[in-house]
Every structure is written in C-alpha cells, then in structure tokens.
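Q: There's a structure below that I have some questions on.
The values are calculated or read from the model by the stated rules, or taken from the named source; none is laboratory data. Note that the structure is predicted; figures quoted are calculated from it, not measured. Because the Cβ atoms are built from the backbone with ideal geometry, glycine has one as well, and the counts that use them run over all protein chains shown. Note: areas computed on protein heavy atoms with side chains; ligands, DNA, RNA excluded. Shrake-Rupley method; radii C 1.70, N 1.55, O 1.52, S 1.80 Å.
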There are 2 protein chains.
Amino acid sequence: MTVSKTAEKSGDATKGRKDAGDAQGQGHAEVLQLGELSEQLGYVLKRAQLKVFENFLRCMATLQLTPAQFSVLLLVEKNPGRNQTEIASTLGILRPNFVALLDNLESRDLCARIRSTNDRRSHILVLTDKGKAVLTRAKKLVATKHESRLNTLLGQANREALLEMLSKIANEF
Amino acid sequence: MTVSKTAEKSGDATKGRKDAGDAQGQGHAEVLQLGELSEQLGYVLKRAQLKVFENFLRCMATLQLTPAQFSVLLLVEKNPGRNQTEIASTLGILRPNFVALLDNLESRDLCARIRSTNDRRSHILVLTDKGKAVLTRAKKLVATKHESRLNTLLGQANREALLEMLSKIANEF
DNA sequence: TATTGTTATACTCTATAACTATA
DNA sequence: TATAGTTATAGAGTATAACAATA
C-alpha cells in the first residue's frame, strides 16, 4: 500500500532541511508537491483510514481491542447464536483467519464457542458476561473519545454525510 | 457468570433465525444485522477503501500498477530530482520497504536511480521516457475508468465533499 | 458428497536493527 | 558522528489447500 502505519511523526518529511540561505545550492527544502495525488480518492481514503484506525487503537489501549476484535464483539452481541462461518464472512474475514482471532477473544474470556446441538460441526458464538461488560466499556470509549472527536473535526452533519458516502462506496462500488 | 459449554436448547439464541419457507428445520438465516457496526466510521472507511483499491487494480490491470506504484510515479513526476528518502517519507513508506518497490519499477524501466553528484550517498529519482508514457496512460485509465465511476456513483459535488473530509481526517485527526 | 472448524502454508505489507558507503 | 540506501528479519493481515468430524 501507499502508506505505512505509524511511520514517522506526520509532517516531518522535510525535518531539518532548510532552504533559505543554502549557500551550496544543494537541497531544495520545501515540502514535496503532492500534485494530483491529493485528488486521488484512493490515496486520501487510505491515509484517512490509517489515521482513524490509529486513533481507535489509542482510544482502546486500556481494553486492548483492535478494530477487528471490536467488530467481532459487536456482531456477536447483535447476532447471538450464529456460528463462526456466519460471523466471519459477514465481516469479510476468511474462516481460517478467524480461528486465531477467536482463540484470542476466547482466551481472554470475552466470547465463547458452543458446540451446536443441531449441527455438531458448528460452533455457536456468544459473548461471555465479561465480554458483554468489556463491550459496553468499549462502546463508551469509542463514543466519547473516538467518534466524538470526528464529530468535532467534521461537524455532525458532515460526519453523517461522510458515513453515507462511504457506505455507498462500500456497498455499490 | 460465564456461558456454559453445553449447548442450550436453541431458545432465544436462534430467535428469528429460521427462514419463513424453510421446510427442513435447518434454517439458513437471513443476512446478519450489522447493528452499530454500520455507524462505525472506521469500519465503513476500511470497507470502502478496500473496494476502491480493488477497483483501482482492475482498472490498471493492463498496466500492472498498484496504488503504491502509481503514487510513486506521480510523486516522482511532480518532484523530479528528489532522493529516495524524500519520496518514500512523503508517501509514508519506510525507506527499507521502498527499496523493493523501486527495484520493481526500475527493472520495468519505469524510473531510474541516479547517483547524486552533490551527495554520493543519495539516489535521485527520475521517470524514464517509458515511465512517463506509462504514467500518462495510467492517469487516463484512472480518470476514465476509476474516478469517473466514483463521480457517477456519488455525483461530482459529493465526490469533492468526500475528498475534502477525508483530507481533513488524514491531515488533522 | 458437502460443510464446519481447523492446520499448514505462503504472500504481501509494515516495522526495526544493523550494515556500507559516503558525508 | 550522522545520513542514504540497503539487507535481514519479524510481525501483522490475507489467501488457498487439505484434513477430521459431522451432515
């Protein structure tokens, strides 16, 4: 991809480079021109996404939940009684990759696999009481620290418009 | 308390699961409820970004350019005479990871490293004639096949508003 | 035979340390 | 000593094949 996760402090690409008074004539110093790049939706989308995930992780540091883990907890809470294949595929996670993610959540006693009586191949997923409690705290953290900051930055109306357009892209593009 | 490992008698866990016309008792279910997930900006942002990159790759299949490679070509064209560190850090690519990316572009004769005369440690980056030609074709493909589709989907005004909000997030969040 | 969860594996992207050659 | 490019390497994230248990 174009952008790295926590690369360096944003905006220090030209750190330490001075243009004024460069007697040697080497070293243009200004920030590079992004040019058409700043009009490329994919580029800006990716950089925005990294920023948002980064902030999410900071907000969730106390609960140690990644965006993927949070999405699993939310989906299991909303759809109790579903099996691994259903939860994973809804989130776009491949079944093999879902195993380790679930192992992690289960080892922390946040969710549990229950062998289905109807189809003994299936593992029904449910949140444990601890999982429910953690999810409740997580939602509060996300709302008060994460999403609220986006509201402040964009404004409530804009944030909703943004969400709508992104949903349209995600679903119809 | 924690959830028991033994399956429950599908009481409320499977509530509302059965398809209306399901003759067998095996019930494929309806689509899962995303619930609050569809309001999580990070989640929707990520899915939108994946869709956009996916489409980008399809549009660029003939030229075999990834988003990252395209961004490098664009930036080198706009900022000739810059070295690897400057180009890479502007794009948020770490220097070690930039080496293989450049090796690829150079092996395809799209860009070239030129040892700087001022500082023989530096490699100045330039596009080759082939690189310029390919980039011109790439820009046309992106404009006519990729970005234009986004315009159709969102509308010109909305697309600009989207870009502006994403830029704001990328730069100020 | 088909499906669920799983293992093994591979490939990409990202991240850090350390080397070399210059400065 | 510090910096530019590089190598090696490790860790996530994502992808496919195949196996055991079950249907």
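Q: Would you list the helices (runs of 4 or more DSSP H) that sit entirely within segment B:70-173 and hold 3 or more residues that are polar (S, T, N, Q)?
A: It comes to B:84-90, B:95-107, B:148-154, B:156-172.
Q: Given the criteria more than 15 Å from DNA strand D (Cβ to nearest atom), touching a residue at least 12 places away in the same chain (Cβ under 8 Å), open to solvent by 40 Å² or more (accessible area, probe 1.4 Å) and away from chain B (no Cβ under 12 Å), does A:Arg137 qualify?
A: It is true that A:Arg137 is more than 15 Å from DNA strand D (Cβ to nearest atom), touching a residue at least 12 places away in the same chain (Cβ under 8 Å), open to solvent by 40 Å² or more (accessible area, probe 1.4 Å) and away from chain B (no Cβ under 12 Å).
Q: Can you pull out every residue in segment B:75-85 that is of a type outside the set (Val, Ile, Thr) and surrounded by 22 or more Cβ atoms within 10 Å (Cβ to Cβ)?
A: B:Leu75
Q: Kindly indicate whether any position in segment B:123-134 is away from chain A (no Cβ under 14 Å) and either within 14 Å of DNA strand C (Cβ to nearest atom) or acidic (Asp, Glu) (or both).
A: Yes: segment B:123-134 contains one or more residues that are away from chain A (no Cβ under 14 Å) and either within 14 Å of DNA strand C (Cβ to nearest atom) or acidic (Asp, Glu) (or both).
Q: Let me ask another. Pairs needed: first member in segment A:90-118, at pLDDT below 95; second member anywhere, near DNA strand D (Cβ under 9 Å from one of its atoms); C-beta distance under 8 Å; at least 6 residues apart or different chains.
A: Once the first residue is at pLDDT below 95 and sits in segment A:90-118, no partner that is near DNA strand D (Cβ under 9 Å from one of its atoms) comes close enough.
Q: A further question follows. Restricting segment B:104-120 to residues that are within 13 Å of DNA strand C (Cβ to nearest atom) and under 18 Å from B:Pro67 (Cβ atoms), which is surrounded by the most Cβ atoms within 10 Å (Cβ to Cβ)?
A: B:Leu105
Q: In addition: Among the residues of segment B:146-155, is there at least one that is within 19 Å of B:Gln64 (Cβ to Cβ) and more than 9 Å from chain A (Cβ to nearest Cβ)?
A: Looking through segment B:146-155, none of the residues is within 19 Å of B:Gln64 (Cβ to Cβ) and more than 9 Å from chain A (Cβ to nearest Cβ).
Q: Being within 13 Å of DNA strand C (Cβ to nearest atom), surrounded by fewer than 19 Cβ atoms within 10 Å (Cβ to Cβ) and modelled with pLDDT under 50 is the filter here, so list the residues in segment A:2-58 that pass it.
A: Once the filter is applied, which keeps residues that are within 13 Å of DNA strand C (Cβ to nearest atom), surrounded by fewer than 19 Cβ atoms within 10 Å (Cβ to Cβ) and modelled with pLDDT under 50, segment A:2-58 yields A:Ser4, A:Lys5, A:Thr6, A:Ala7, A:Glu8, A:Lys9, A:Ser10, A:Gln24, A:Gln26, A:Gly27.
Q: Mind checking which pairs have a first residue in segment B:145-160 that is modelled with pLDDT under 95 and a second that is open to solvent by 40 Å² or more (accessible area, probe 1.4 Å), Cβ under 8 Å, 6 or more apart or different chains?
A: Partner pairs satisfying both residue conditions: none exist.
Q: Could you tell me which numbered condition B:Ala61 fails, if it satisfies all but one of (1) more than 11 Å from every other protein chain (Cβ to nearest Cβ); (2) over 21 Å from the mean Cα position of the chain (by Cα)?
A: Failing condition for B:Ala61: (2).
Q: Determine which member of the set B:Ser71, B:Ser89 is within 16 Å of DNA strand C (Cβ to nearest atom), under 27 Å from B:Gly42 (Cβ atoms), touching a Phe, Trp or Tyr at 6+ places or on another chain (Cβ under 7 Å) and polar (S, T, N, Q).
A: Step by step, each of B:Ser71, B:Ser89 is checked, and only B:Ser71 is within 16 Å of DNA strand C (Cβ to nearest atom), under 27 Å from B:Gly42 (Cβ atoms), touching a Phe, Trp or Tyr at 6+ places or on another chain (Cβ under 7 Å) and polar (S, T, N, Q).
Q: Looking at B:Glu77, B:Glu106, B:Glu36, B:Glu54 in this structure, which one is facing another protein chain (nearest Cβ under 7 Å) and among the acidic types (Asp, Glu)?
A: B:Glu36
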